[in-house]
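Notes follow once the structure below has been shown.
Every read-out reported here was derived from the displayed coordinates using simple, explicitly stated rules and does not represent laboratory data. Worth saying up front: this structure is predicted, and the values here are computed from it rather than measured. Glycine also receives a Cβ, built like all others from the backbone with ideal geometry; neighbour counts cover every protein chain displayed.
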Number of protein chains: 2
Amino acid sequence: MAKDTVTSEDVAKLANVSQSAVSRTFTPGASVSETTRERVLAAARELGYRPNVLARAMISGRSQLIAVLVAYLDNQFYPIVLEQLSRSLQQHGYQVLLFMTDPGNQDQMVQKMLQYQVDGIVMASATMSSTLARECAQTGIPVVLFNRYVPALPASSVTSDNLTGGQLVARLLVKAGHRRIAFIAGAENSSTNRDREAGFTAELAALGQRLWRRGIGGYTFEGAAQAARDLFAGDVGPDAVFVANDHMAFAAADVIRDELGLRIPQDVSLVGYDDVPEAGWGGYKLTTVKQPGEQMIEETVRILVEQLESRKVVKHEAILPSHLVIRSSARLPDAETLASLAGPGTAGTS
Amino acid sequence: MAKDTVTSEDVAKLANVSQSAVSRTFTPGASVSETTRERVLAAARELGYRPNVLARAMISGRSQLIAVLVAYLDNQFYPIVLEQLSRSLQQHGYQVLLFMTDPGNQDQMVQKMLQYQVDGIVMASATMSSTLARECAQTGIPVVLFNRYVPALPASSVTSDNLTGGQLVARLLVKAGHRRIAFIAGAENSSTNRDREAGFTAELAALGQRLWRRGIGGYTFEGAAQAARDLFAGDVGPDAVFVANDHMAFAAADVIRDELGLRIPQDVSLVGYDDVPEAGWGGYKLTTVKQPGEQMIEETVRILVEQLESRKVVKHEAILPSHLVIRSSARLPDAETLASLAGPGTAGTS
DNA sequence: CGGATATTTGCATACGAATGCAGATCCCAA
DNA sequence: TTGGGATCTGCATTCGTATGCAAATATCCG
């Protein structure tokens, strides 16, 4: 494409040194004298030389590429994660190779990643076949599952404490006096949904209630809207709805307010999960459970970089604390209860 | 990392052919007989062989990597673009190498891209120093500026008709009877903002009005909120606000409704730009100008792929039509005017 | 069936940089 | 001044694949 193929040889010639000297100049920790280093750098600058990462990758076996798999980017949680992840990895000298998964071509996806010789893999999506996760883990490349986990796999995972998150919501709603509490699930086979729901229903039970009704939104906006409609069909609807993530909660809010003409929270309390930026916007003021996105990213990068540098794959499981963010989409319990809920959630790491 | 270094040589040995034969089997359009192709494929399958893209890239000079530069992902317009762009490029056999730009390290960015030998570059962000754009263009690699343009550069660009978009909004607001019309600008040095504002003020002038007041939001949520506050400071505020993009318009809406206690559109009309998904949500119902994101992506990929395949860099400038999306955040003009505005916008390509 | 194309095949080399090894150079102390 | 160790340097090879070229084989037509 361009004639700008300046090689280390060219630089060597201009600097009157060997190609090795050039290579060493650009290899941190290699043995070069200050004088030759400077001559090389001068020559490199003059020619506009930049080491070819691909060639380097062939020799060293390290491409500095991290594959990031994502299923969709319309739920704002993921773009933000992607941005931070990318920034952080860049700072560590890695670049993100983006893979958008399709339900159809998941096998090809793994092949592609391997073809690009990626050094590590981050699977960032609650919904993604565990087959895909398994295939990735089998490659022997460090894999971090972000916001999901698969127990039997040699892949690390970073999640937040979804179980506790679900519990907190149950307590909030029950203590606020709700008696017809419904839940809109995300993808049923996702670990995030399972844990949030498990914590939620367990705590409901502990407080002497049962789930009044249940819908399935599949983590999609439209799915959640439909689930909300179904939930309210019939003579009497729920007086509180816990939705498995914020993205779906917005859809539920729209149905509740605009289609059903009900008020939030006077007629119905609504609680989401994630605390994406929109949850704080005036149009929704969504009470929700905050996933500590930044910490999750930090942990992900830490795990990944550690394994890359040590060249050893070790399974880590990080579970970061999550906590309630009280806004005004849900009726409030008495002040004392509220105080006990709004504190930071529980933590845990193994 | 893994012992899975299956090379074409290994496959060749197992299949009793030369390494060349293996290579040719995996090179579309190369000369191999059906029999050897099958033997090679069988052996490859048995060993789990996958061609090493990096090695291939060294020889062929094509990495199949497309650098996508993005400045931020919190404005929903970009994640969606990124998702579609990535999907589309994947289908064409390319992968997206993601670069998050930092105001600080823009020079490094170009170096990094070149080091990875990317085949093409998409700069997807309204705000990004034109120096960066210039550097990219100078590399001789095909560059497409997405949603922005820089006249003097040999870089292609894909935008929507921001000039006409601005005009439409002006006409809408004036015909609806507004007399104190304000504008909240994005980044002042961005072509999107310039064009939207130019079209807007030109049309205002044509209709006998002047901009009543102007603020600057810098395409950030917080910046726009502050701009909105400033706009309404004083005895009398604007009766209509055009905001340079939806993302900022949401911030303005929050300020107008929650902080100032005004109603939209009864007290103030609000119009955004982009038509991101949230604009259609019940919490905002934002009247806005739709940028044809999908078409813009299609065009971007078309331009890019064409140049990659022909190995020639030719400057293309695509300007796709945009049109008003009427929701309920802005007061409506009479039906006849409305009909004349709501039609599809104008188009143009060069 | 013979000769002449057309198609396959393998050989050898190239892509650009990293690195083990051995020789060269340097530094410092005796 | 000399010896010994530490530091540099260049040579040659390597990573995994693509490709020009010439040899080998297959195909076709009269």
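The table below lists the values:
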quantity: Test result for B:Ser63, touching a helix residue (DSSP H, G or I) at 6+ places or on another chain (Cβ under 6 Å), away from DNA strand C (no atom under 11 Å from the Cβ) and facing chain A (nearest Cβ under 9 Å); calculated: yes
quantity: Top-ranked residue in region A:192-217 [being surrounded by 20 or more Cβ atoms within 10 Å (Cβ to Cβ) and small (Gly, Ala, Ser); ranked as nearest to A:Ala126 (Cα to Cα)]; calculated: A:Gly217
quantity: Residues of region A:1-21 satisfying the condition of being near DNA strand C (Cβ under 7 Å from one of its atoms) and either more than 25 Å from B:Val110 (Cβ to Cβ) or hydrophobic (A, V, I, L, M, F, W, C) (or both); calculated: A:Ser20
quantity: Breaking point among (1) within 26 Å of A:Tyr273 (Cα to Cα); (2) more than 11 Å from chain B (Cβ to nearest Cβ), for A:Asp102; calculated: (2)
quantity: Helices (runs of 4 or more DSSP H) contained in region A:76-179 and holding at least 3 residues crowded, with 24+ Cβ neighbours inside 10 Å; calculated: A:77-91, A:162-175
quantity: Residue count, region B:55-65 (criterion: assigned to a loop (DSSP other than H, G, I, E, B) and near DNA strand D (Cβ under 9 Å from one of its atoms)); calculated: 2
quantity: Checklist (1) more than 16 Å from DNA strand D (Cβ to nearest atom); (2) buried (at least 18 other Cβ atoms within 10 Å of the Cβ); (3) not basic (Lys, Arg) applied to A:Tyr72, failing item; calculated: (2)
quantity: Among (1) within 11 Å of another protein chain (Cβ to nearest Cβ); (2) more than 23 Å from A:Gly140 (Cβ to Cβ); (3) without any contact (Cβ under 8 Å) to a residue 60 or more places away in the chain - the single one A:Met58 does not satisfy; calculated: (2)
quantity: Restricting region A:36-48 to residues that are surrounded by 19 or more Cβ atoms within 10 Å (Cβ to Cβ) and under 30 Å from B:Val313 (Cα atoms), the residue that is nearest to the other protein chains (Cβ to nearest Cβ); calculated: A:Ala44
quantity: In region A:7-30, the residues that are among the hydrophobic types (A, V, I, L, M, F, W, C) and crowded, with 18+ Cβ neighbours inside 10 Å; calculated: A:Val11, A:Ala12, A:Leu14, A:Ala15, A:Val17, A:Ala21, A:Val22, A:Phe26
quantity: Residue satisfying condition, being among the charged types (D, E, K, R) and over 22 Å from B:Ser322 (Cα atoms), within set B:Asp275, B:Asp246, B:Asp195, B:Asp239; calculated: B:Asp239
quantity: Residue check for B:Glu34: within 19 Å of A:Tyr116 (Cα to Cα) and within 14 Å of DNA strand C (Cβ to nearest atom); calculated: no
quantity: Exclusive hit being surrounded by fewer than 16 Cβ atoms within 10 Å (Cβ to Cβ) and under 21 Å from B:Leu308 (Cα atoms), set B:Ser60, B:Ser33; calculated: B:Ser60
quantity: Boolean, B:Pro51 is more than 14 Å from chain A (Cβ to nearest Cβ) and away from DNA strand C (no atom under 12 Å from the Cβ); calculated: no
quantity: Residue pairs meeting the criteria (Cβ under 7 Å; at least 6 apart or on separate chains; first within 12 Å of chain A (Cβ to nearest Cβ) and closer than 18 Å to B:Pro79 by Cβ, in region B:269-290; second of a type in the set (Val, Ile, Thr) and part of a strand (DSSP E or B)); calculated: B:Ala279/B:Thr288
quantity: Single residue of region B:1-54 satisfying the filter (of a type in the set (Ser, Thr, Tyr), part of a helix (DSSP H, G or I) and touching a helix residue (DSSP H, G or I) at 6+ places or on another chain (Cβ under 7 Å)) that is farthest from DNA strand D (Cβ to nearest atom); calculated: B:Thr36
quantity: Selection from region B:164-216 of residues that are closer than 25 Å to B:Val150 by Cα, in contact with a strand residue (DSSP E or B) (Cβ under 9 Å, 6 or more places away or on another chain) and of a type in the set (Gly, Ala, Ser); calculated: B:Gly165, B:Gly166, B:Ala185, B:Gly186, B:Ala187, B:Ser191, B:Gly215
quantity: Single residue of region B:71-84 satisfying the filter (touching a residue at least 40 places away in the same chain (Cβ under 8 Å) and at the interface with chain A (Cβ under 8 Å from one of its Cβ atoms)) that is nearest to the chain's Cα centre (by Cα); calculated: B:Tyr78
